Amino acid sequence: MLDFLRFSWIDILDILLVAAIIYLLFRWIRGSTAINIFIAIIIVLVVRVIAEAVGMKMISSLLGTLIDMGAIALVIIFQPEVRRFLSSLGRKAGTTLERQTFLQRIFPAWRDRQMDTHAMQEITEACREMSTLKQGALILIQRKNSLEDIIATGDRLDAEVGRRLIMNIFFKNSPLHDGAMIISDNRIVAARCTLPITERTDLPARYGMRHKAAIGISEQCDVDVIVVSEETGGISLVRGGLITAIDSINTLNLLLGEKTE
């Protein structure tokens, strides 16, 4: 009856690996709405293991059936978390592989799109003026990932980056002001684009929908997102789900000029 208490090195390694996976999953979805469901699943799994260990065949069979039937439902429930995890894993793998010169030739989309000095200056000056006027803005700068799905949600443009054009687009009465502007290869390629909202629930109350949208897209794609708050006029740069408050235009220039890893 107590055979389950006899452990081998393989059993200990198995337990440690499972514990590490559970810890990583918990840390990954911490702060999201899926955390309560994840805890419930862990409880069900623990109860099933205990039931199998002590020989409670009926309850073990019942819980096993419940887990098997709920596998597909769990994929649906955790879809945002699964997508975010796979996207992050793919970005990290891509960052490692893109350092290989021959792979960069085969997959040119892996190259990091760097802005020229003129385009960067126009963007930062537009942000400075919009900050002074407390004119809200959401500017997404493409790095490595394709943004065709996001671009398709707005109005396509093909315009040179200029401070006056940026300010006119985000002017409150402009038909294109509501949504995000997409900048790629030193061109304004789209405006009024819809971005995914982050699932995080641990964000400060001062962050509005623009900040949540900026975090949401930066969690899924390798992009830089500039947010100008309509309430405070504050400027923020969002990269990889992290928000950096900008204290000066020089700081914004330096951050935008960095090569992402």
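Details
- Residue match in the range 219-229 (condition: in contact with a Gly (Cβ under 9 Å, 6 or more places away or on another chain), surrounded by 22 or more Cβ atoms within 10 Å (Cβ to Cβ), among the hydrophobic types (A, V, I, L, M, F, W, C) and closer than 25 Å to Ala152 by Cα): yes
- With respect to the conditions (1) assigned by TED's automatic domain parsing to the domain that holds Ala40; (2) at pLDDT 90 or above, Ile72 lacks only one, and its number is (2).
- Selection status of Ala126, crowded, with 16+ Cβ neighbours inside 10 Å, in the same structural domain as Glu231 (by TED's automatic domain parsing), at pLDDT 65 or above and over 21 Å from Cys221 (Cα atoms): yes
- Near pairs, Cβ below 8 angstrom, 6+ apart or cross-chain, from the range 230-243 (in contact (Cβ under 8 Å) with a residue 40 or more places away in the chain) to any residue that is in a strand (DSSP E or B) and surrounded by fewer than 17 Cβ atoms within 10 Å (Cβ to Cβ): Gly234/Ala245; Ile235/Ala245
The values are calculated or read from the model by the stated rules, or taken from the named source; none is laboratory data. All values reported here derive from a predicted model rather than from experimental measurement. For neighbour counting, all protein chains shown are included, and Cβ atoms are generated from backbone atoms with ideal geometry for every residue, glycine included.
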